[in-house]
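Asker: Structure in structure tokens, see below.
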Amino acid sequence: MRCLRFIPLLLVIALPAWAQSVRWQPAGGFLARGQVTDLVLIFDNCEPSGEINLPDVPNLIFGPPQRGTQSSMNIVNGRTQSTSIVYFAYPSRPRNDDPVNIPSFTVATNVGPLSVAPVSFQVREATVGDSSIPVSFAANSKLAIGQGQLWAGEVVPIDYTLSVSARFRANLGSEPEWDPTPLIVEEWAEPTRGNEGTNADARALLTYSSRGYIRQPGTYAIPTVQQMVNIGVPSAGFLQSMRAEQYAITSDPVQLVVRPLPTPAPADFTGAVGDFRLVSKVVPEQARIGEPVTWTLSLEGTGNWPEISSLPAREASNSFRVVQPQATRTTAEGKLFDGSITEDVVLIPTQTGTFKLGPVSWTYFNPRTGKYRTLTAPETELLVDGTLIPPPPNQTAAASGNSPPPDVANGPSSGPALGNPTRPEPAPASPAALPGDPLPGSAAAMRPLRRPQVVATAITLAVLIPLLWLTLSSLRALRLDPGRSARAARQRLKSRIDAVGRTSAKPDREIALIAWQRDTALLWESRHAAPAPDLFADDAAWTQLWHEADRALYGEDGQLPPDWTTRAYEALARKRAPRFPVLSALAPRHLFPAIAVLIALSFSPDAGATSAVESYAAGDFAAAETAWRENLSTQPTDWIAHHNLALALAQQGRWGEAGAHAAVAFVQNPRDPSVRWHLTYTLERSGFTPPIIGEFAHPGWPEKIAREASPAQWQLVLLGGLLAGCIAIALVLGRAYGMRMGGSKSLAWLAGIIGVFAMVTAAYSLQTYGLTANQQAVLTWRSTELRSIPTDLNSEQETTTLAAGSLSRVQKSFLGWRQLAFPNGQTGWVRQEELVPLWRAAE
């Protein structure tokens, strides 16, 4: 009977093996304000049968999910039980400090509709990395709108300032995100940089400026501005490398008081607020009957131009025929509140006399003085005399019906005179060039070896190939060994348990417990941070330890049992990490990785390339561009994708980037005729000629020889020539020691000649390719700034202009920046978006 007490516990443990459910993980706890956290929706033993529609959570932003799967099989009491998990990880970020409550909702699955239980989270301030430094100290922002009080319709300056502590290396993760309603605003201008404070209190400032106004009076709470900022955080480990963590920096809300305009308003006031000028002009001021007179009225200045629809009405005498006026409205580029309206009225006098045009008045409200002001354009006198303007001769003749006879000597009146014959322009030999059709399919070019690799290969070619092969196979097997992370986690777990035992402060202990859980999941080879119910089936003590850690992290009392660390040490001593299978180095997948990859590629469908070609043929060049960019993100040496992307960009008029991708396609496969032709075509329109590559657009004999192969292929020719030379030397030595072979002398001469010719040609061609044969080579596709340090936020650093088409190599990377090294020894930092790599994928 005592055994019956354990039946409910066994049912709870075994239930997930058969039950289907959908749940959130974590099922509550804390979220960090301004920081992205993955909320995982887990499908136990089922999967969604349609689209997942998450409930609306007002103060939580869900990002696009990432899908994953996990399955396992266990034998319990002689019966095989299988479990499967499908999960969707949603990057989520709280909007404010209010608690986050995700309500219950229903999901359609392959076993029918299932309900998801509600979860709640408290929101607390995020900290930088694993430190206790609040993110608000590392980076904060402020929104300033005018002086806090403004008139209805008054255009006021808007400044948004991002402040980052100099203690941290930070970069922008996005542009400011802001819903300015009820403000009507301009676009943000280019930010200005500044600094404040000194030494440890120094901060870098980035200020965005705009202008705006509110139509109606009242008190308004203006929404906050959010901006993603990447902050460099030291990673754990001996080398203390830097990693980037992204935080949403939110400004404080602003409250505005909008005052109503004074009453009563003038009768002709139409709602304009600002500072304006009114100009009236009549041309000419003396005219004849039938001669058109233009009366121009212009209004210009700064104010709430979206509320100004027209100019004031004008009156003219009935002695004029009036042509309907046409108003022209213009605004300064990028400015919504600096503009003008010009309206021309054409008057045709029908009687003589002196006429008065104007005056014209217009009223607006000046917010600086707080008063209405009326602008008046003075009247202009127009003198009209009685001389009629004769119509043109051809119109007079046509009107009288007495057209003169054609001149027999000079031909018909409608044709050209014989004394001044016209010369027709000759038709061009061929029309102007247009981009050609994209190439079908995809083709990966061989990436060139580094120079040390070429030298090492040449030295060890004859004696170390078998050993090198086996070594590479072993390293590949070790790198791809699924038990590698488990062994590393077991080595760390002892220090994790030590940290739990020696810390008494709750925050430190929570950090240590989370680290223990993470490494425990790796040791037990769990694909998810939350282990499956049967993961610890081999050792139930681990299940108890995990549950006690969960209660300490998320329970009300937050206490651990006193003997927890002792039992954790004992459990760790019993659990062994999987050993490295030594014989796996001899597996074909490790001995012949290149062959395996080629076989996989030969059987993989090329649907993406086909879809991109179809989009291009349909005229959807943007969709074709997107597809080819996605292809290059995974296969940067696909020269066909580079070539086709250059065509799609050229069709959109983006010649700078098109020229860069055409240059990359040429370097990767210079033999293709279409690639050669489009290189010249795009570079002529891109406005730049890259070093080295530009020489191939109009090649001399060195370039004509070098373009018969890519840099990587010339490296193979060089090594092949060296191998031929080694064979020739071996044959000569064999003959010297009495080893006679038929034809060995002729074969030695032939191998030696071929080897020398191949090495000389390959070495000269590689010299012609120069820096483009470097794996880290990049092209700058548009003019930009070369910076001395990798940050947008420091205005005091030295900068210089980096011309479009510059060729360099990447030396270092940091938070979306690349340090470039140039042939003259100059180095500097550039945003990765400004670069097109020749051989590597853009990270």
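The values are calculated or read from the model by the stated rules, or taken from the named source; none is laboratory data. Please read these numbers as outputs of a predicted model, since none were measured by experiment. Here Cβ is always computed from backbone atoms with ideal geometry, including for glycine, and neighbour counts include all displayed protein chains.
Asker: Looking at region 795-810 only, could you name the residues that are surrounded by fewer than 21 Cβ atoms within 10 Å (Cβ to Cβ) and not hydrophobic (A, V, I, L, M, F, W, C)?
Answerer: Result: SER795, GLU796, GLN797, GLU798, THR799, THR800, THR801, ARG809.
Asker: Do we have VAL258 as over 30 Å from SER136 (Cα atoms), of a type outside the set (Lys, Arg), in contact with a Pro (Cβ under 7 Å, 6 or more places away or on another chain) and surrounded by 18 or more Cβ atoms within 10 Å (Cβ to Cβ) here?
Answerer: Values: over 30 Å from SER136 (Cα atoms): yes; of a type outside the set (Lys, Arg): yes; in contact with a Pro (Cβ under 7 Å, 6 or more places away or on another chain): yes; surrounded by 18 or more Cβ atoms within 10 Å (Cβ to Cβ): yes.
In short, yes.
Asker: Next question, about the same structure. Which residues, counting only those in region 174-190, are surrounded by 12 or more Cβ atoms within 10 Å (Cβ to Cβ), in contact (Cβ under 8 Å) with a residue 40 or more places away in the chain and in a loop (DSSP other than H, G, I, E, B)?
Answerer: Within region 174-190, the subset surrounded by 12 or more Cβ atoms within 10 Å (Cβ to Cβ) is 174, 176-178, 180, 182-186, 188-189.
Subset that is in contact (Cβ under 8 Å) with a residue 40 or more places away in the chain: 174, 176-178, 180, 184-186, 189.
Correct list: SER174, PRO176, TRP178, PRO180, GLU186, ALA189.
Asker: Among VAL613, VAL664, which is among the β-branched types (Val, Ile, Thr) and under 26 Å from ILE693 (Cα atoms)?
Answerer: Working: VAL613 fails: under 26 Å from ILE693 (Cα atoms).
Step by step, each of VAL613, VAL664 is checked, and only VAL664 is among the β-branched types (Val, Ile, Thr) and under 26 Å from ILE693 (Cα atoms).
Asker: Can you say whether ARG167 is touching a Gly at 6+ places or on another chain (Cβ under 8 Å) and charged (D, E, K, R), as far as the supplied structure shows?
Answerer: No: the conditions fail for ARG167.
Asker: Let me ask something additional. Taking strands (runs of 3 or more DSSP E) that fall entirely within region 763-805, which contain at least 3 residues that are among the hydroxyl-bearing types (Ser, Thr, Tyr)?
Answerer: Details: elements: 777-780, 784-787, 799-802.
Fully inside region 763-805 and qualifying: 799-802.
Asker: For region 191-201, give me each residue that is at negative phi and either exposed (fewer than 13 other Cβ atoms within 10 Å of the Cβ) or assigned to a strand (DSSP E or B) (or both). Working first, answer last.
Answerer: Keep residues of region 191-201 that are at negative phi, which gives 191-196, 198, 200-201.
Listed by number, the residues that qualify are THR192, ARG193, GLY194, ASN195, GLU196, THR198, ALA200, ASP201.
Asker: Taking strands (runs of 3 or more DSSP E) that fall entirely within region 253-303, which contain at least 3 residues that are assigned by TED's automatic domain parsing to the domain that holds PRO359 and farther than 30 Å from ARG95 by Cβ? Even if it seems obvious, please write down each step before you answer.
Answerer: On the way: elements: 254-259, 269-283, 286-289, 293-303.
By residue number, 269-283, 286-289, 293-303.
Asker: Among GLN517, GLN491, which is the only one that is within 26 Å of VAL40 (Cα to Cα), modelled with pLDDT of 75 or more and not aliphatic (A, V, I, L, M)? Don't jump to the end; show me each part of the working.
Answerer: Details: GLN491 fails: within 26 Å of VAL40 (Cα to Cα).
Result: GLN517 is the single residue among GLN517, GLN491 that is within 26 Å of VAL40 (Cα to Cα), modelled with pLDDT of 75 or more and not aliphatic (A, V, I, L, M).
Asker: Could you grab me the full set of residues in region 607-656 that are more than 18 Å from LEU434 (Cβ to Cβ) and touching a Lys or Arg at 6+ places or on another chain (Cβ under 7 Å)?
Answerer: Those that are more than 18 Å from LEU434 (Cβ to Cβ) and touching a Lys or Arg at 6+ places or on another chain (Cβ under 7 Å): PRO636, THR637, GLY656.
Asker: Further question: Just to be sure before I move on: is ASN96 in a strand (DSSP E or B) and modelled with pLDDT under 95 in the structure I sent? Even if it seems obvious, please write down each step before you answer.
Answerer: Working: in a strand (DSSP E or B): no; modelled with pLDDT under 95: yes.
Against the criterion (in a strand (DSSP E or B) and modelled with pLDDT under 95), ASN96 does not qualify.
Asker: Given the options GLY721, GLY653, name the one that is of a type outside the set (Val, Ile, Thr) and part of a helix (DSSP H, G or I). Walk me through it before giving the result.
Answerer: Details: GLY653 fails: part of a helix (DSSP H, G or I).
Exactly one residue qualifies, and that residue is GLY721.
Asker: One residue is enough: does region 557-566 have a residue meeting the conditions of a type in the set (D, E, K, R), assigned to a helix (DSSP H, G or I) and modelled with pLDDT of 75 or more?
Answerer: To start, the set of residues in region 557-566 that are of a type in the set (D, E, K, R) comprises 557, 563.
Going one step further and asking which of them are assigned to a helix (DSSP H, G or I), we end up with none.
No, region 557-566 contains no residue that is of a type in the set (D, E, K, R), assigned to a helix (DSSP H, G or I) and modelled with pLDDT of 75 or more.
Asker: Here is a follow-up. Would you mind stating whether SER174 is hydroxyl-bearing (Ser, Thr, Tyr), under 22 Å from the mean Cα position of the chain (by Cα) and more than 28 Å from ALA272 (Cβ to Cβ)? Step through it out loud before you land on a result.
Answerer: Details: hydroxyl-bearing (Ser, Thr, Tyr): yes; under 22 Å from the mean Cα position of the chain (by Cα): yes; more than 28 Å from ALA272 (Cβ to Cβ): yes.
So SER174 fits the description; yes.
Asker: If I filter region 800-814 for residues that are under 21 Å from LEU449 (Cα atoms), small (Gly, Ala, Ser) and within 25 Å of the chain's Cα centre (by Cα), do I get at least one hit?
Answerer: Taking region 800-814 as the starting set, the residues that turn out to be under 21 Å from LEU449 (Cα atoms) are 807-813.
Now drop any that are not small (Gly, Ala, Ser), which leaves 808, 813.
Those still in the list that are within 25 Å of the chain's Cα centre (by Cα) too: 808, 813.
Yes, that holds for at least one residue.
Asker: Determine, yes or no, whether THR109 is assigned to a loop (DSSP other than H, G, I, E, B), among the hydroxyl-bearing types (Ser, Thr, Tyr) and farther than 27 Å from ARG831 by Cβ. Give the derivation first.
Answerer: Values: assigned to a loop (DSSP other than H, G, I, E, B): no; among the hydroxyl-bearing types (Ser, Thr, Tyr): yes; farther than 27 Å from ARG831 by Cβ: yes.
No, not satisfied.
Asker: Regarding region 325-336, can at least one residue be identified that is in contact (Cβ under 8 Å) with a residue 40 or more places away in the chain and surrounded by 14 or more Cβ atoms within 10 Å (Cβ to Cβ)?
Answerer: First, the residues of region 325-336 that are in contact (Cβ under 8 Å) with a residue 40 or more places away in the chain: 334-336.
Okay, now just the ones that are also surrounded by 14 or more Cβ atoms within 10 Å (Cβ to Cβ), so 335-336.
The answer is yes; a qualifying residue exists.
Asker: Scan region 228-252 for residues that are assigned to a loop (DSSP other than H, G, I, E, B), closer than 22 Å to GLY173 by Cα and modelled with pLDDT under 80 and jot them down. Write out each step before concluding.
Answerer: Start the filter on region 228-252 by keeping residues that are assigned to a loop (DSSP other than H, G, I, E, B), which leaves 235-241, 251-252.
Right, trim to closer than 22 Å to GLY173 by Cα and you get 235, 241, 251-252.
Passing the criteria: SER235, SER241.
Asker: Has region 384-401 got at least one residue that is surrounded by 16 or more Cβ atoms within 10 Å (Cβ to Cβ), out of contact with any helix residue (DSSP H, G or I) (no Cβ under 6 Å at 6 or more places or on another chain) and either at pLDDT 90 or above or not basic (Lys, Arg) (or both)? First the steps, then the outcome.
Answerer: Pass one, region 384-401, residues surrounded by 16 or more Cβ atoms within 10 Å (Cβ to Cβ): 384.
Cutting the leftovers down to out of contact with any helix residue (DSSP H, G or I) (no Cβ under 6 Å at 6 or more places or on another chain) gives us 384.
If we keep only those that are either at pLDDT 90 or above or not basic (Lys, Arg) (or both) too, we end up with 384.
Within region 384-401, one or more residues are surrounded by 16 or more Cβ atoms within 10 Å (Cβ to Cβ), out of contact with any helix residue (DSSP H, G or I) (no Cβ under 6 Å at 6 or more places or on another chain) and either at pLDDT 90 or above or not basic (Lys, Arg) (or both).
Asker: Could you run through region 682-691 and say how many residues are surrounded by 18 or more Cβ atoms within 10 Å (Cβ to Cβ) and either among the β-branched types (Val, Ile, Thr) or over 20 Å from LEU645 (Cβ atoms) (or both)? Walk me through it before giving the result.
Answerer: Taking region 682-691 as the starting set, the residues that turn out to be surrounded by 18 or more Cβ atoms within 10 Å (Cβ to Cβ) are 682-683, 686, 688, 690.
Within this subset, residues satisfying the condition of being either among the β-branched types (Val, Ile, Thr) or over 20 Å from LEU645 (Cβ atoms) (or both) are 682.
So the answer is 1.
Asker: Please return the ranges of strands (runs of 3 or more DSSP E) entirely within region 115-165 where 2 or more residues are more than 26 Å from the chain's Cα centre (by Cα) and among the β-branched types (Val, Ile, Thr). Working first, answer last.
Answerer: Numbers: elements: 119-125, 139-145, 149-151, 156-165.
In region 115-165, the matching strands (runs of 3 or more DSSP E) lie at 119-125, 156-165.
Asker: Could you go through region 614-636 and let me know if any residue there is modelled with pLDDT under 90, acidic (Asp, Glu) and within 14 Å of PRO440 (Cβ to Cβ).
Answerer: Yes, region 614-636 has at least one match.
Asker: Is it true that some residue in region 37-53 is modelled with pLDDT under 85, assigned to a strand (DSSP E or B) and within 24 Å of GLU245 (Cβ to Cβ)? Show your work before the answer.
Answerer: Our first condition is that a residue be modelled with pLDDT under 85; within region 37-53, this holds for 37.
From what's left, assigned to a strand (DSSP E or B): 37.
Add one more test, that the residue is within 24 Å of GLU245 (Cβ to Cβ), and what stays is 37.
Yes, because at least one residue in region 37-53 is modelled with pLDDT under 85, assigned to a strand (DSSP E or B) and within 24 Å of GLU245 (Cβ to Cβ).
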